[in-house]
Amino acid sequence: MNSDQIFKNRARALDEDLTGRASTAGADALLAEIVSLERTPARRRRMPSSGRALLGLAATAAAVAVIAPGMLPDGTPPAGPQPTTSLSVAAEPTARQILLAAAVAVEQARADGDYWRVRTVSQAMLTDPTRSYVLEEKRSTEQWLAKQPDLRSWRIRQDLGVKPATARDEAAWRAAGAPTSWRYPENMKTENLFAVPFGPLEAAAGERTAEQLRGTWKGPVGDLAGKSLTWKETRAIPGEPETLRSYLEERIGRLDLTGSGMDVEEARAHILLRDCVDIISTLPASPETRASAYRILASLPAIRAEGEMTDPLGRRGQTLSYQEEIEPGLFSKVRLVVDPSAGLLLAEVRTNTTELADGRRAELRVTTSFQAVGWTDERPDLPTRRN
């Protein structure tokens, strides 16, 4: 396959994906080509200058548009059955290949608009107050950050209800009288739970509500390394990978981590990883900055590829995983489900286990699924109930 054909395949794959249709053939051809390049000793690799310009020298040599069914242009999943990705190569793509492919794709993302919109669906598992069974609560959140001073910023939320997590949990819930609300004692121990609710949980879905964000357009739009960023500061975040990494490490270096109970260098490495994920998933940074965040992640040895999986919204993506120390000595597995063809983080899944009252070990998952991330000129659909 020559460089011209690589370009044509990539262009076809991306063009078709923008309309909600995945070009498996183009993705397979690209992936096969790049895997072949990486398996060939350096002295034998020969590529015309046009091919080097396309793939971006060594730093982006693995950037292949691996097509998984993605979102429509407005960030919503396409309706109807989702085609699956078929990779016609001998080996699964590596974490580096997936992340660098996503970096190439996100560079083409829209760079401006009236609102920076992040729409998510979160799902959290936790035990009932008696630790007899596991519940799953679900919530949708939309954040509309207005860039212009004449527009208002909003956060729209809706509790989507609570139910037993599995059939076994449902049986235990029925045996307990099938309650429709749960109140948790203030002194309840977490014991490997991700969190304990501050207020009661309700089985029924709640009303959709909107909260106007009171900060002005010059106010905070996100944070990095625990520090808030304004629009001006966000626009100033570097776009080159080396410069971005130095910028993030300098911010992280200001943090006092001596009392965290964790190794300071390991804690800093973890914060660097998390900052890159935040840039990709929530922060209104430039496409170049988001691409550089992917490239920094591609350089980190802690991240592993686990093949394809379906996220909680039914979308297929490439899975990357790493271990996160949520408190000294307690680790959680984190999976990132990525659509490399669009440069999108589809979902983030954290998994832990806990022990129930009868001694059974139960798996707990906390998931954030990203339905839409990016710039838009649309206006929020505001509910009647507003704060």
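The values are calculated or read from the model by the stated rules, or taken from the named source; none is laboratory data. Keep in mind that this is a model prediction, so the values were computed, not measured. Neighbour counts run over all protein chains shown; Cβ positions are idealised from the backbone, glycine included. Side chains are part of the model used for accessible areas, which takes the heavy atoms of the whole protein and leaves out ligands, DNA and RNA. Shrake-Rupley method; radii C 1.70, N 1.55, O 1.52, S 1.80 Å.
Picking from residues in the range 326-355 that are acidic (Asp, Glu) and at pLDDT 95 or above, the one that is surrounded by the most Cβ atoms within 10 Å (Cβ to Cβ) is Asp339. Look at the range 223-252: where a residue is closer than 20 Å to Ala267 by Cβ and a partner is of a type outside the set (A, V, I, L, M) and open to solvent by 50 Å² or more (accessible area, probe 1.4 Å), sitting 6+ places away or on another chain with Cβ atoms under 7 Å, you get Arg251/Lys227; Ile252/Arg268.
Where strands (runs of 3 or more DSSP E) fall wholly inside the range 196-297, the ranges with 2 or more residues that are at pLDDT 95 or above are 209-212. Scanning the range 222-260 for residues that are open to solvent by less than 60 Å² (accessible area, probe 1.4 Å) and more than 27 Å from Val104 (Cβ to Cβ) yields Thr230, Gly253, Leu255, Leu257, Ser260. Only residues that are assigned to a loop (DSSP other than H, G, I, E, B) and under 27 Å from Arg245 (Cα atoms) were counted in the range 300-356, giving 9. Of all the numbered requirements in (1) in contact (Cβ under 8 Å) with a residue 40 or more places away in the chain; (2) farther than 19 Å from Arg385 by Cα; (3) buried (at least 18 other Cβ atoms within 10 Å of the Cβ), Ala176 misses one, and that requirement is (3). The condition (being acidic (Asp, Glu), within 15 Å of the chain's Cα centre (by Cα) and surrounded by fewer than 18 Cβ atoms within 10 Å (Cβ to Cβ)) is satisfied by just one residue among Asp358, Asp278, Asp311: Asp278. Would you be able to say whether some residue in the range 145-167 is in a helix (DSSP H, G or I) and loosely packed, with under 15 Cβ neighbours inside 10 Å? Yes: the range 145-167 contains one or more residues that are in a helix (DSSP H, G or I) and loosely packed, with under 15 Cβ neighbours inside 10 Å. Being over 19 Å from the mean Cα position of the chain (by Cα) and open to solvent by 20 Å² or more (accessible area, probe 1.4 Å) is the filter here, so list the residues in the range 112-133 that pass it. Asp112, Asp114, Pro129, Thr130, Arg131, Ser132, listed by residue number.
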